[in-house]
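My questions will all concern the structure given below.
The values are calculated or read from the model by the stated rules, or taken from the named source; none is laboratory data. These numbers were taken from a predicted model, which means no experiment stands behind them. For neighbour counting, all protein chains shown are included, and Cβ atoms are generated from backbone atoms with ideal geometry for every residue, glycine included.
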Amino acid sequence: MPSMQQAAPWVKWIPIPADPQGQFFYDVPMARLKNFKCDEIICLYQHLTGHEFASERYFQATKFDQYKYIRAEIPFIQKWQLNKYITRDPAREQALRNQVVTCPDYVVVHLQGSDHRATYDPGIIPEGWQVIEITEQPDTLVLDWLGVIEGAQSIIMVDSVYANLVDQLGLGDDRYFIQRSHVGLTPVLGQHWTWL
């Protein structure tokens, strides 16, 4: 949640603690939103055990990210206008860059998705380049990595929040994408990527 609060401070973020019964996925958020007297609630799930979201007419004909935009009645092309809606922190980005970048030529890799650790052939990286792997670090937020990513000569990423950020913000010129899900759960990419 801190990463999302940094990225979109204009959103009223409502923390929902996890519970063993799984009510935090749907029932508790819906109750909380109703308690806040929201006049419109749009559920963006395309699948959740115990619910029939997949019967939506357009879900079967779209990828998961397209479905969310259709459901929210937002033109899908706006996916690549993310830079208009997020708040970056240049000081935090520069501090992380100063900490991890030690060579002018470097590649940024992100190999850990939510349920998958990817591999790649390291022989594709030129000799002498620094390899910087994005990993979870205490007190480091998702957007803190943007400055490091922007300065990279090459980017190698598994399908993840980082790959989506790179694509939606148009970062880098030499991008490599590692697919981890079947086609319906792989996002639509708007930039040129070499698929590994």
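Check 119, 102 and return the single one that is under 19 Å from residue 177 (Cα atoms) and either assigned to a loop (DSSP other than H, G, I, E, B) or not aliphatic (A, V, I, L, M) (or both). So that I can check it myself, show each step before the final result.
Details: 102 fails: under 19 Å from residue 177 (Cα atoms).
Sole residue among the options that is under 19 Å from residue 177 (Cα atoms) and either assigned to a loop (DSSP other than H, G, I, E, B) or not aliphatic (A, V, I, L, M) (or both): 119.
Anything in the range 97-118 that is basic (Lys, Arg) and in contact with a strand residue (DSSP E or B) (Cβ under 9 Å, 6 or more places away or on another chain)? List them, or say none.
Of the range 97-118, the ones basic (Lys, Arg) are 97, 117.
Matches in the range 97-118: 117 only.
Quick test for you: out of 50, 113, pick the one residue that is in contact with a Lys or Arg (Cβ under 7 Å, 6 or more places away or on another chain), at pLDDT below 90 and either within 30 Å of residue 195 (Cβ to Cβ) or not β-branched (Val, Ile, Thr) (or both).
113
Going residue by residue through the range 132-139, is there one that turns out to be buried (at least 19 other Cβ atoms within 10 Å of the Cβ) and in contact (Cβ under 8 Å) with a residue 12 or more places away in the chain? Spell out the reasoning first.
Restricting attention to the range 132-139, the residues satisfying the condition of being buried (at least 19 other Cβ atoms within 10 Å of the Cβ) are 132, 134.
Going one step further and asking which of them are in contact (Cβ under 8 Å) with a residue 12 or more places away in the chain, we end up with 132, 134.
Yes, the range 132-139 contains at least one residue that is buried (at least 19 other Cβ atoms within 10 Å of the Cβ) and in contact (Cβ under 8 Å) with a residue 12 or more places away in the chain.
Take the residues of the range 165-195 that are part of a helix (DSSP H, G or I), of a type outside the set (Gly, Ala, Ser) and touching a residue at least 60 places away in the same chain (Cβ under 8 Å): which is surrounded by the most Cβ atoms within 10 Å (Cβ to Cβ)?
Taking the range 165-195 and keeping what is part of a helix (DSSP H, G or I), we get 165-169, 183-185.
Still in the running and of a type outside the set (Gly, Ala, Ser): 165-169, 183, 185.
Still in the list and also touching a residue at least 60 places away in the same chain (Cβ under 8 Å): 165, 167-169, 183, 185.
Working: 165: 20, 167: 23, 168: 21, 169: 18, 183: 7, 185: 14.
Among those residues, the one meeting the criterion is 167.
Results for (1) within 30 Å of residue 59 (Cβ to Cβ); (2) of a type in the set (D, E, K, R), shown as yes or no for each residue.
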residue	(1), (2)
103	no, no
109	no, no
113	yes, no
121	no, yes
128	no, no
133	no, yes
188	yes, no
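Something else: Restricting attention to the range 86-99, report how many residues are within 18 Å of the chain's Cα centre (by Cα) and surrounded by 12 or more Cβ atoms within 10 Å (Cβ to Cβ).
Pass one, the range 86-99, residues within 18 Å of the chain's Cα centre (by Cα): 86-89, 93.
Then drop every residue that is not surrounded by 12 or more Cβ atoms within 10 Å (Cβ to Cβ), which leaves 86, 88-89, 93.
Residues flagged as within 18 Å of the chain's Cα centre (by Cα) and surrounded by 12 or more Cβ atoms within 10 Å (Cβ to Cβ) within the range 86-99 amount to 4.
Yes or no, residue by residue, for (1) in contact with a helix residue (DSSP H, G or I) (Cβ under 9 Å, 6 or more places away or on another chain); (2) within 17 Å of residue 167 (Cβ to Cβ); (3) among the basic types (Lys, Arg):
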residue: 84; (1), (2), (3): yes, yes, yes
residue: 88; (1), (2), (3): yes, yes, yes
residue: 93; (1), (2), (3): yes, no, no
residue: 98; (1), (2), (3): no, no, no
residue: 105; (1), (2), (3): no, no, no
residue: 118; (1), (2), (3): no, yes, no
residue: 124; (1), (2), (3): no, no, no
residue: 144; (1), (2), (3): yes, no, no
residue: 154; (1), (2), (3): yes, yes, no
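When the residues of the range 7-54 are narrowed to those that are under 21 Å from residue 67 (Cβ atoms) and of a type in the set (D, E, K, R), which ends up surrounded by the most Cβ atoms within 10 Å (Cβ to Cβ)?
52
Now a separate question. Mind listing just one residue for me: the one in the range 142-161 that is at pLDDT below 95 and assigned to a loop (DSSP other than H, G, I, E, B) and, of those, nearest to residue 92 (Cα to Cα)?
If we take residues in the range 142-161 being at pLDDT below 95 and assigned to a loop (DSSP other than H, G, I, E, B), then 160 is nearest to residue 92 (Cα to Cα).
If you scan the range 38-83, which residues turn out to be more than 16 Å from the chain's Cα centre (by Cα) and within 19 Å of residue 10 (Cβ to Cβ)?
If the condition is that a residue be more than 16 Å from the chain's Cα centre (by Cα) and within 19 Å of residue 10 (Cβ to Cβ), then 38, 39, 40, 41, 42, 72, 74 are the ones that fit.
Identify the residue in the range 70-79 that is part of a helix (DSSP H, G or I) and modelled with pLDDT of 95 or more and, among all such residues, is nearest to residue 169 (Cα to Cα).
Checked the range 70-79; the qualifying residue nearest to residue 169 (Cα to Cα) is 79.
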